[in-house]
Amino acid sequence: MIGPLETPDLADSLHFEDGYFWSDICTRCGFLPGAYRSETTDEDIIILGVLESYSRGLFEFEGFVREGGLIEGLIRLERKQWDWTSSREIAFQSAAMEEFDPQRSTKSARNRTA
């Protein structure tokens, strides 16, 4: 699910392939697939990436792959115009995926309510 921090409510899918990631909803809104990197910690895998849209701004993603493949993330959207900047934070939560490794994956994180 993707949406407001308190209550993400839109079904979405996060994809990882050939070093790029994207979200179905975000690509429909004009954001192009972006490069990502991942770091393994003792507890999680951290995913960091950026999607950009000429008309909609910058989408910075910071997510955590939890045990069992659950992905939880925070998305920071920022749009700059010549005289103003708008920003917004939204949440991303996926259903669990088996054997998910974003460093080698061509899988998708399908979202649905738990």
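The values are calculated or read from the model by the stated rules, or taken from the named source; none is laboratory data. Quantities reported herein were computed from a predicted structural model and do not represent experimental measurements. Cβ sites come from the backbone with ideal geometry, for glycine too, and all protein chains shown count toward neighbours. Remember, those area values only see protein heavy atoms, side chains included, never the ligands or the DNA or RNA. Shrake-Rupley method; radii C 1.70, N 1.55, O 1.52, S 1.80 Å.
Relative to the present Cα-Cα distance, how much length would full extension add between S55 and E6 at 0.36 nm per residue of separation? Please report the intermediate quantities before stating the final value.
Details: separation 49, 0.36 × 49 = 17.64 nm, distance 2.65 nm.
Result: 15.0 nm gained on full extension.
Explain nothing, just compute: Karplus ³J(HN,Hα) = 6.51 cos²θ - 1.76 cosθ + 1.60, θ = phi - 60°, for every residue of the stretch 33-47 in order, whole Hz, x for Gly and Pro.
So the Karplus estimates, Gly and Pro as x, are x, x, 5, 9, 9, 9, 10, 9, 10, 5, 10, 9, 10, 9, 10 Hz.
Take the alpha carbon gyration tensor of the stretch 19-97, find the square roots of its eigenvalues, order them as a ≥ b ≥ c, and report rounded if a/c is under 1.5; if not, report prolate when a/b exceeds b/c, else oblate.
prolate
For the stretch 1-61, what class follows from the C-alpha gyration tensor (a ≥ b ≥ c being the square roots of its eigenvalues): rounded when a/c is under 1.5, otherwise prolate if a/b is larger than b/c, else oblate? Show your work: numbers first, answer last.
Details: a/c = 1.91, a/b = 1.23, b/c = 1.56.
Since a/c reaches 1.5 but b/c is at least a/b, the shape of the stretch 1-61 is classed as oblate.
Express in Å², to the nearest 10, the accessible area of T7 obtained by rolling a 1.4 Å probe over the protein heavy atoms while all chains stay in place.
My reading of the accessible area for T7 is about 90 Å².
Whose amide H sits under 5 Å from the amide H of D12, counting only residues 5 or more places off or on another chain, with H placed in the peptide plane?
I2, N111
Report the local net charge at C29: Lys and Arg +1, Asp and Glu -1, summed over other residues whose C-beta lies under 13 Å from its C-beta. Present the calculation step by step, with values, prior to reporting the outcome.
On the way: positive: R28, R56, R79, R88; negative: D12, D24, E52.
Here the count lands on +1.
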